[in-house]
Amino acid sequence: MRTEEAADGARLSAATRYESLVGVSNAIGTHRDPKDLFSALVRELHRVVRFDYIGVAIRDEKANTFHRHFVDAETEAAIPPDPELPIEESDAWWVYQNQEPLVTSLETHDARFSKLHEILKKYGVHCLCTLPLTTAHSKVGTLTFGSKAPDAYTADEVHFLSVVAEQIALAFDNALHFDASQASQQQLLKKNERLGLLLELTNHVVSNLGFQSRVPGRSPSGSGEHAPGYELRRRRHNSSRFRQHTLADLRLGFCLQRRIRPRGEPCPDG
């Protein structure tokens, strides 16, 4: 009977954790700045996960590195990355490359992570659980939980933490791409505005061209329209007036472009 009650209690506890995870996901999903998002993680995840240290490593493919953010969960003091730990010997690198959770413990002696073990001893951490932060569209980085208790990350706990990591990956992916999306929209709006002004200018120039072609010729004083040289003088006269109108229109267009030209872009002369 006690075994059945214990099993029911475990199922109830698991159901409560998943229900709480929904609330955590909603809370962190409102943040659009990665730093604010990480601060919210430290506060909110204590509702569903026990940990003494927490960190994320966001992958930067262009720089071939990870942007790491680790804190002491109790004091929220930042833990700087250790410069003596090569990226290829880090837990984040292994998890990112293999896309699988990794549990690292001082109880095990893995030569691949010997320098990482030295860092764990420095902070009194007995075991780490590092998980991939991955969405359907991109590999964002990794999420790491650290515990001062040995054997804190059992198979069941790692399974639950994998679900947690899926929610956090979506939140970070949205936050990281929000600024880029906003900037692209602003650039598109500016380009459309400039195109609209240029189109208006072009239509104005074309309408002047049509008007000039319909201007009736005038005979110079003392000459008829069939006098020698009259047709050449008429064309030169119309061409000169058209150039004057066109230059005025272009100067107007340049002034309009200068109003909306992005900062730093040189303006044309004229």
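Residue-wise test of (1) of a type in the set (Asp, Glu); (2) under 20 Å from the mean Cα position of the chain (by Cα); (3) closer than 20 Å to Leu116 by Cα.
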{"position": "Gly23", "(1), (2), (3)": "no, no, no"}
{"position": "Pro34", "(1), (2), (3)": "no, yes, no"}
{"position": "Leu37", "(1), (2), (3)": "no, yes, no"}
{"position": "Arg50", "(1), (2), (3)": "no, no, no"}
{"position": "Asp60", "(1), (2), (3)": "yes, yes, no"}
{"position": "Arg68", "(1), (2), (3)": "no, yes, yes"}
{"position": "Val71", "(1), (2), (3)": "no, no, yes"}
{"position": "Ile79", "(1), (2), (3)": "no, no, yes"}
{"position": "Asp82", "(1), (2), (3)": "yes, no, yes"}
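Given the structure, is Val140 part of a loop (DSSP other than H, G, I, E, B), surrounded by 11 or more Cβ atoms within 10 Å (Cβ to Cβ) and modelled with pLDDT of 90 or more? Give the steps one after another, and end with the answer.
Numbers: part of a loop (DSSP other than H, G, I, E, B): no; surrounded by 11 or more Cβ atoms within 10 Å (Cβ to Cβ): yes; modelled with pLDDT of 90 or more: yes.
Taking the combined requirement at face value, the residue does not satisfy it.
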(request) Only residues in the range 57-79 that are closer than 14 Å to Gly146 by Cα count as the first member; pair them with residues that are charged (D, E, K, R) and exposed (fewer than 13 other Cβ atoms within 10 Å of the Cβ), Cβ under 9 angstrom, at least 6 apart or cross-chain, and list the lot. (result) His69/Lys35
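Yes/no per residue for (1) closer than 17 Å to Ala149 by Cβ; (2) buried (at least 20 other Cβ atoms within 10 Å of the Cβ); (3) polar (S, T, N, Q); (4) touching a Lys or Arg at 6+ places or on another chain (Cβ under 8 Å):
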residue	(1), (2), (3), (4)
Glu84	no, no, no, yes
Ile87	no, no, no, no
Asp91	no, yes, no, no
Thr104	yes, yes, yes, no
Ala111	no, no, no, no
His117	yes, no, no, no
Tyr123	yes, no, no, no
(request) State which residue pairs qualify: first residue under 18 Å from Pro80 (Cβ atoms) and inside the range 108-125, second residue loosely packed, with under 11 Cβ neighbours inside 10 Å in any location, beta carbons under 9 Å apart, and separation of 6 or more residues or different chains. (result) Lys115/Glu84; Lys115/Pro86; Glu118/Glu84; Ile119/Glu84
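The values are calculated or read from the model by the stated rules, or taken from the named source; none is laboratory data. Values in this document were obtained by computation on a predicted structure and should not be read as measured data. With ideal geometry, Cβ positions are generated from the backbone for all residues, glycine too; neighbour counts draw on all protein chains shown.
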